[in-house]
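Enquirer: Got a structure for you, written out below as structure tokens; questions coming shortly.
Read-outs throughout are calculated quantities, based only on the coordinates presented, and are distinct from any laboratory measurement. These numbers come from a predicted model, not from an experiment. For neighbour counting, all protein chains shown are included, and Cβ atoms are generated from backbone atoms with ideal geometry for every residue, glycine included.
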Amino acid sequence: MTVAERTLIDEINELREKKNAVILAHYYQRGEIQDIADFIGDSLELARRAQETNADIIVFAGVKFMAETAKILNPEKKVLHPNPESGCPMADMATYEGVKKLREEHPDAAVVAYVNTNADVKTLADVIVTSRNAVKVVKALKEDKIIFVPDQFLGGFVAQQVPEKEFILWKGFCPPHFNLSPEQLLELKEKYPDAKIAVHPECNTKTSEIADFVGSTSQIIEFATTCDAENVIIGTEVGLKHQLEKINPNKNYIFPVNADYCGTVHCCDMKKNTLDKIKEVLENETNEIVLPEEVIEKARKPLDRMLEIV
Ligand code: 13P
Ligand code: SF4
């Protein structure tokens, strides 16, 4: 670590203490952000942490929908987003008008919104899910017909696990995960025949089908660091490597190279947050997440419902 980096971290620590702030970070954040975070987790764990914190300020190092979720769960707290340009392209694929129309066309269906949605779309949902709990939540619903937005692949994965229900899938997708083909993983498997394959359910169906394990980022970490294979092929964003190597450095975690998208399974949006930007928002209390009261009130209901089920 350089002297400049050390100084920057010292400044962040001083500000965090002085302002009673907490830094929450997703696993796809840069390694240096993961290292200074008070808590790192998957979307569900981060939502829970955001709800439980006693801090006055939450600095959310993740993409916009994650910071918005923290605000919806904590309307009285100041939630700061290090870089407002860090959005989720998949969340932006589901529009308020489009989802509203679909809901009106199928009044007998439950609208299940992946947490990767913008706050206005959450107001239209009956329940929110994350990649960790989607199957469990959908099984618990009384409705037999499900409108699932926006990820067609997580929706398809849930539909496979809950065949007794009918699904209408929004055609959204996560560009970094979508671009990971089964051939890329099989090529690696040829090189490491004893390896296990763990992927995120945002991967396309054909890729998930060849995996030994499909789960959220935290679940992948748990599987990869504890399974009996020495080599584990990981089908998710490359930011996970940092935690995997910290938690169990005795294994070999193999990430595919994906020539179509930034070199690997790489979420350019997640990487828009930096230590500099974290310091800046803590110091000046800028980039605050502000949502209309009505949106907070309406979006809170499906989020609370999820948190009650799981
Ligand atoms: P997790 O809930 O598994 O952390 O996923 C969040 C996400 O955006 C994956 O692309
Ligand atoms: Fe969105 Fe995909 Fe990036 Fe996750 S990895 S934040 S779903 S673009």
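Enquirer: For the chain, modelled as a GNM with alpha-carbon contacts under 10 angstrom, which of Lys298, Lys191, Lys78 fluctuates the most?
Expert: Sorting by GNM fluctuation, first place goes to Lys191.
Enquirer: Return the subset of Lys19/Lys251; Lys122/Lys165; Lys139/Lys196; Lys71/Lys206; Lys136/Lys279; Lys18/Lys246 for which the Cα-Cα distance in this structure is over 31 Å, preserving the input order.
Expert: The answer is Lys19/Lys251; Lys71/Lys206; Lys136/Lys279.
Enquirer: Show me, for the stretch 153-163, the HN-Hα J-couplings you get by feeding each phi into the Karplus relation (A = 6.51, B = -1.76, C = 1.60, θ = phi - 60°), rounded to Hz, glycine and proline as x.
Expert: So the Karplus estimates, Gly and Pro as x, are 7, 5, x, x, 5, 5, 4, 5, 7, 10, x Hz.
Enquirer: Below 8 Å between Cα atoms, with a sequence gap of 6+, how large is the relative contact order for the chain in percent? Mind dumping the intermediate values first?
Expert: Numbers: 621 pairs, mean separation 67.1, N = 310.
This gives 22 percent for the chain.
Enquirer: Here is a follow-up. With +1 on each Lys and Arg Cβ and -1 on each Asp and Glu Cβ, and nothing else charged, work out how big the dipole of the stretch 1-71 is about its Cα centre, in Debye to the nearest 20.
Expert: Details: 9 positive and 13 negative charges, 46 e Å.
Around 220 debye, computed over the stretch 1-71.
Enquirer: Another question, if that's okay. Given an 8 Å cut-off on Cα distances and at least 6 residues of separation, report the relative contact order of the stretch 175-224 as a percent.
Expert: Result for the stretch 175-224 is 36 percent.
Enquirer: Around Cys174, which amide H atoms from residues at least 5 apart in sequence, or from another chain, sit under 5 Å from its own amide H, with H modelled in the peptide plane?
Expert: Those lying under 5 Å, H to H, from Cys174: there are none.
Enquirer: Can you list the HN-Hα couplings for the stretch 47-58, worked out from phi with the Karplus curve (6.51, -1.76, 1.60; θ = phi - 60°), rounded to whole Hz and with x for Gly and Pro?
Expert: Calculated HN-Hα couplings, in order: 5, 5, 4, 4, 6, 8, 5, 9, 5, 7, 10, 10 Hz.
Enquirer: Which whole-number percent gives the relative contact order of the stretch 153-249, counting Cα pairs below 8 Å spaced six or more residues apart?
Expert: Contact order relative to length: 28 percent.
Enquirer: Still on this structure, please answer the following. Run through the stretch 244-310 and list the GluC sites (Glu not before Pro) located in a DSSP loop whose Cβ has at most 11 other Cβ atoms within 10 Å. Don't skip to the answer; put the middle values down first.
Expert: Numbers: sites: Glu245, Glu280, Glu283, Glu285, Glu288, Glu293, Glu294, Glu297, Glu308; in loops: Glu285.
When the GluC sites (Glu not before Pro) of the stretch 244-310 are filtered for loop state and at most 11 Cβ neighbours within 10 Å, nothing remains.
Enquirer: Hey, can you grab everything whose amide H is under 5 Å from the amide H of Val111? Only 5+ residues off in sequence or another chain; H modelled, so Pro and N-termini drop out.
Expert: Distant-sequence amide H within range of Val111: Asp126, Val127, Ile147.
Enquirer: With each pseudo-label sitting 7 Å past Cα toward Cβ, what's the Leu186-Glu245 distance in nm, one decimal?
Expert: Once both label points are built, they end up 3.0 nm from each other.
Enquirer: If you don't mind, there's one more thing I want to ask. Suppose we keep just the alpha-carbon trace of the chain; what are its Rg and Dmax in angstrom?
Expert: Reported Rg and Dmax, both Å: 19.3, 61.
Enquirer: Return an integer: the convex hull volume of the alpha-carbon atoms of the stretch 1-142, in Å³ per residue. Intermediate results must be reported in sequence, preceding the final value.
Expert: Values: hull volume 16.3 nm³, N = 142.
Dividing the Cα hull volume of the stretch 1-142 by its residues yields 115 Å³.
Enquirer: Strictly over 28 Å apart at the Cα level, which of Lys101/Lys298; Lys100/Lys301; Lys145/Lys189; Lys77/Lys298; Lys145/Lys298; Lys77/Lys171 would you flag in this model?
Expert: Over 28 Å apart, Cα to Cα: Lys145/Lys189; Lys77/Lys171.
Enquirer: Pick out, from Leu275, Val232, His242, the residue whose Cα sits farthest towards the positive end of the charge dipole of the stretch 204-278, with +1 on the Cβ of Lys and Arg and -1 on the Cβ of Asp and Glu.
Expert: Value: Leu275.
Enquirer: Go ahead and set up a Gaussian network model of the chain, Cα springs under 10 Å, then flag whichever of Pro175, Pro84, Pro249 fluctuates most.
Expert: Looking only at Pro175, Pro84, Pro249, the largest GNM fluctuation is found for Pro249.
Enquirer: Amide H neighbours of Phe167 under 5 Å, at least 5 residues apart or on other chains, H built in the peptide plane: list them.
Expert: Placed amide hydrogens put Ile146 under 5 Å from Phe167.
Enquirer: Most exposed first by the Cβ proxy, i.e. fewest other Cβ within 10 Å, how do Tyr27, Tyr192 rank?
Expert: Details: Tyr27 27, Tyr192 16.
Sorted ascending by nearby Cβ count, the order is Tyr192, Tyr27.
Enquirer: For every helix of n ≥ 4 consecutive DSSP H residues, a contribution of -39,500 (n - 2.57) applies; sum these over the chain, divide by its total residues, and give [θ] at 222 nm rounded to the nearest 500 deg cm²/dmol.
Expert: -12500 deg cm²/dmol
Enquirer: In whole Hz and in residue order, list the ³J(HN,Hα) couplings for the stretch 15-30 that follow from phi through the Karplus curve 6.51 cos²θ - 1.76 cosθ + 1.60, θ = phi - 60°; x for Gly and Pro.
Expert: Couplings: 5, 4, 6, 4, 9, 6, 10, 10, 10, 9, 9, 8, 5, 8, 6, 4 Hz.
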